[in-house]
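In what follows, a single structure is set out as structure tokens and then discussed.
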Amino acid sequence: MNNECLNLIKTRRSWRRFENRQVLKEQLDAVLEVGTYAPTGRGMQSPVIVAVQDPDTLRELVKLNASILDTDSNPYYGAPTILLVFADSERNTCVEDGSCVLNTLMLAAHAVGLCSCWIHREREMFETPEGRALMKRWGLPDRLIGIGALALGYPEGEAPAAKPRKPDYIVRI
């Protein structure tokens with residue numbers, strides 16, 4: 001079956017090399033808007049998306065994430081934009097809701113010619129005093145927890161090949 005949506009899903013890849021140029025506002029706005037249409041438990045829309053392009057804030061995020069990972073490298077692979085996804089910890093579907101948003105953002109990015117990579121450790125990052133201070137600076141409520149982030153930008157190089165699908169991925173009963 002040939003379908004634009006199915007092909008988009010099958011051709012999206014995690015990208016770890018980004019061009020050194022900022023994402024255009026029109027593309028970022030389109031990706032962010034689509035992210036707000038991700039499914040959430042009972043339609044409660046518990047997630048919050050924070051788009052970061054400010055160089056000083058990007059450096060703060062890189063430093064904070066790298067400290068959790070205990071590395072000197074950039075955990076966001078030098079992406080010019082980072083999309084952080086938080087969700088309301090009082091919702092029992094907060095992790096699932098935020099994960100759906102992240103997945104939807106990745107597909108939207110691919111649809112408009114951007115690339116992305118899902119990054120972890122945001123929960124740990126935003127439990128630290130430094131992370132809490134950032135959230136307060138951004139006006140985010142204390143009840144939010146970090147779910148994950150996307151490194152976002154223009155692809156540099158060729159798309160990585162998809163790994164072969166494991167033979168027992170699907171079980172039919």
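Laid out as a table, the results:
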| item | result |
| --- | --- |
| Mean accessible surface per residue for the range 1-54, computed with a 1.4 Å probe while every protein chain stays in place, in Å² | 73 Å² |
| FRET efficiency for Thr128 and Asn7, using Cβ-Cβ distance with R0 set to 30 Å, rounded to 0.05 | 0.15 |
| Amide H partners (placed H, <5 Å) of Val48, local residues excluded | Phe86, Ala87 |
| Reciprocal of mean inverse Cα separation for the range 9-80 (Kirkwood radius, Å) | 14.7 Å |
| Cα-centre dipole for the chain with unit charges at Cβ (Lys and Arg positive, Asp and Glu negative), debye to 20 | 500 debye |
| Listed residue (Cys94, Ala111, Met125) projecting farthest to the positive dipole end of the range 84-135, Cβ model | Ala111 |
| Sequence-distant residues sharing a close amide H with Tyr76 (under 5 Å, placed H) | none |
| Shape category assigned to the range 129-173 from the gyration tensor of Cα positions, a/c cut at 1.5 | oblate |
| Estimated vicinal HN-Hα couplings, Hz - the range 9-14 in sequence order (Karplus 6.51, -1.76, 1.60; Gly, Pro = x) | 4, 6, 9, 5, 10, 6 |
| Surface/4 estimate of mean projected area, convex hull on alpha-carbon atoms of the chain, nm² | 12.2 nm² |
| Burial ranking of peptide ranges 27-36, 106-115, 70-79 (average Cβ count within 10 Å, highest at the top) | 106-115, 27-36, 70-79 |
| ³J(HN,Hα) computed for each position of the range 161-173 - Karplus, 6.51 cos²θ - 1.76 cosθ + 1.60, integer Hz, glycine/proline x | 6, 6, 6, x, 6, 5, x, 9, 4, 10, 10, 9, 10 |
| Sulfur and carbon atoms: percent of accessible area, the chain [1.4 Å] | 52 percent |
| Förster-model FRET efficiency, 41 Å R0, Arg16 and Leu140, C-beta, rounded to 0.05 | 0.90 |
| Overall Cα dimensions of the range 46-106 - principal axes, largest extent first, Å | 35, 22, 18 |
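The values are calculated or read from the model by the stated rules, or taken from the named source; none is laboratory data. Given the structure is predicted, the values throughout are model-derived calculations rather than measurements. Every residue, glycine as well, gets a Cβ built from its backbone with ideal geometry; the counts of neighbours run over all protein chains shown. SASA here: full protein model, heavy atoms, side chains in, ligands and nucleic acids out. Shrake-Rupley method; radii C 1.70, N 1.55, O 1.52, S 1.80 Å.
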